[in-house]
Structures are given as structure tokens and as C-alpha cells.
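Below is one structure, written out as C-alpha cells; the observations come after it.
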């Protein structure tokens, strides 16, 4: 009986600071430092060099509430990708598939601007820019990663079904096929197979 | 085969104007005029009087994209409740349950301020205020209605599971048990059974 009671969600509200992206009353604060995610960037030497010269840096953060992972509920989080580059490649998140592959995700832009990279296991891909006031719809079956292509923090609200689950492993094996780099003064999407 | 293809969602983005709440490329624009929703307000005479004296008025609007109504997808809309009162009662939406009662809903405040009224079929209730940058979580089993308690449009993004469905009928039979009125210069929640 006690367990059942714990599972019942009561209505609540939280505030997201539009400048910092900090969520009041968050249950979980994830911080990803460069030392821990260096291998997601294409130029490993540039990542190592930055760590040696400038020390560690926060690449991205997530604030979330603890919601039961079941059908019918909605998970939501505040996602903050900091500005920066490894070589010419912009700071970004690891990205993931949903464990339940058909689960979609919605992003709502709050501050800064960036790009959402999406790739299916069959190679199909899509890219959408996200800025304040815009919604990006990530359909099921697409791994998704956010890239900060601007000079200020790239902050958005993410909402996804309660039972989606995160699958980081599948995308870590081969990574995304495309990277986003600063080229001729603006962000450009490049296929890895066309590099070096 | 053609039908299946139509059901496959491709990644997309849309923009919500933060001042008007208008969604670019919306598939559906719902407009609820006072003449059509007058019976949701407590003081029917005040509603009739306003219609006779001032003509019809837009109470609220919704812009939405057409998303397949199935598990895994997410529905989303821009909701705009205009400022105004019928007697002392603030402009509000009809409100609804989800057909699948266990489906939750998330609101993200964009402009103005208001209140989200929530009521279960067993009488349990909750109220949350919503303003820019805040998230309100409406758990399953709660009928939900938004009330504009401010002087400007009350605009928010709503996200809910793809297969939720809208059930307006169940809440129309008895209505919500509480109304929000201007009293002593501020919004106050009053139980209908304590009125006249």
C-alpha cells in the first residue's frame, strides 16, 4: 500500500530560470565535463590539448524531476549545452536513442540557439535548428543530440513519454554519422566519412 | 502502403510567437467564442448581458499540429486564454479529462499568468499558478482547465501523450466544483457549493 501511494503523482509546478536554465526543486542535476565526454568529439587531439592547457570544462548539464518511468506519465528536463568548441566542432551532448524506440521527444527553445541532430539506425537523418519560442519534434526511432552553435548557453525544455528510457550504448558504438563545425564563419554539417 | 507512409512522422520544427501565441504552420486553429462557451461560467445572466451589450468575444484559442493519435507520439499545442471576466469570474477554457484517464499533461508558461484547475472524478482537486518559465505537471486522472487571472493574454505550450484523447463530456455533466473570481483585488478560488 505504501509503495502504491509513492507511485501516485500529485500535481506540482517548478520554475526554470530563463537565463541559467536552473530548475528549482530538481531531483537530479547531471553535469557532463569534457574529461568524461571527450571521446564524443571528432578531434581527440584537440580535446586532449584543451584539457591539458585549460583544465576541465563543463560541456552540458541537465536538470530533471523524478517521474515514475511508466506509460501515461511525461518526463521533462531543462537541458543546458554550454558554448565552446573542440577544434572546429561545437560543444554538444552525447545523444541517445530511447529504449522504447517508438517514443518521440519535444524540445522547446528557451535561450541561445543550436541544432538538433537526429539519426536512425538505418542511416536516415535530419537536422533542425532550435531557438527561443520554437518547438522541434523528434519522432520515434531517431537518436537525438543537441549542438550549441551560438555564443551563449543553449537552453531548452525537453518533454518525452514516461516509459521512453535512455539508450546511450547503441549510439556510442558507431556514433552519429555527422558533426557540426564552424566553417567560413557559420555552422556546417559534415559527414564523418568525408573527413580526413 | 500509402496509408502507412502517411503515418510516419518526419522531424519538423514550428515557431510560437511569444506575444500572440500564434503557431506557424499549425494544422488546426480552434477558436472558442463566448456565445459558444457561455454555459461554462457560473453567472449565466452576466454572460447573457455581456453578449447583448458588447457582442461576441473570443475567450480562448488553441493552435495545434496534426500528430497521429497513437502511443509513443506527443501532442502539443499553443493555448491562448484571453483576459476578461464574466461578472467576477475570469475567462477560462472548457477543460477536459483525457479519454485514456492515466495520461498526464505538461504546461510551460510563455506569457501572462493564470491558474490551472485540476479535479478528479472522486472530487480530489489541486490548483497551480502558471507564469513564464514555469512548468505545471498535470498527472493522469485529473480534468484540467486554465484560467487567465491577469490583464494580458495567458499563453502556454501544452504537451501530452499522443493517444490521450479529449473527453469534454464527462466534465460538462457536473462541471468543475470550483471557480476562480476576482475578490478583494486578487484571484480567489471558491467552491460552487458555497455560492448563493
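Here are the numbers for the structure shown:
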| quantity | calculated |
| --- | --- |
| Fewest-first ranking of B:195, B:157, B:51, using other Cβ atoms within 10 Å as the exposure measure | B:195, B:51, B:157 |
| Fully extended contour minus Cα-Cα distance, from residue B:177 to residue B:30, at 0.36 nm per residue | 50.4 nm |
| Cβ-Cβ FRET estimate between residue B:193 and residue B:122, R0 fixed at 22 Å, reported to 0.05 | 0.85 |
| Value of [θ]222 nm, deg cm²/dmol, for chain B, DSSP H segments ≥ 4, -39500 (n - 2.57) each, nearest 500 | -3500 deg cm²/dmol |
| Debye-sum result for the protein assembly as shown in log10 I(q)/I(0), which assumes one identical scatterer on each alpha carbon, at q = 0.12 Å⁻¹ | -0.94 |
| GNM top mover of B:79, B:35, B:13 - chain B, alpha-carbon springs below 10 Å | B:13 |
| Partner chain coverage, peptide A:8-18 - average Cβ within 10 angstrom | 6 |
| Gain upon complete extension [residue A:88, residue A:184; 0.36 nm per residue less C-alpha separation] | 33.5 nm |
| 7 Å along Cα→Cβ, label-point gaps from residue A:58 to other copies, nm, shortest first | 4.1 |
| Mean projected area (nm²) of the alpha-carbon convex hull when the range A:39-196 is viewed from all directions | 9.6 nm² |
| A from B by rotation - nearest chain B beta carbon to the axis, in Å | B:159, 2 |
| Relative packing of A:182-188, B:38-44, A:109-115, B:130-136, which averages over residues the other C-beta atoms within 10 Å, highest first | A:109-115, B:130-136, B:38-44, A:182-188 |
| For residue A:27, label point 7 Å along C-beta direction: distances to other copies, nm | 3.2 |
| On Cα atoms only, tilt of B:44-54 relative to the major axis of chain B in degrees | 80 degrees |
| Spherically averaged projected area of the range B:121-196 from its Cα convex hull (nm²) | 6.7 nm² |
| Relative contact order of the range B:15-194, pairs being alpha-carbon contacts under 8 Å that are 6 or more residues apart, as % | 24 percent |
| GNM flexibility winner over chain A from A:73, A:31, A:124 (Cα, springs under 10 Å) | A:124 |
| Exam field: residue A:185 pseudo-label spacings to other copies (7 Å along Cα-Cβ), nanometres | 5.6 |
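Taken together, the values in this text are just the output of simple stated rules run on the coordinates, not laboratory data. What you are looking at is a predicted structure, and each value in this text was computed from that prediction instead of being measured. FYI the Cβ positions are ideal-geometry reconstructions off the backbone, even for glycines, and counts take in every protein chain you see.
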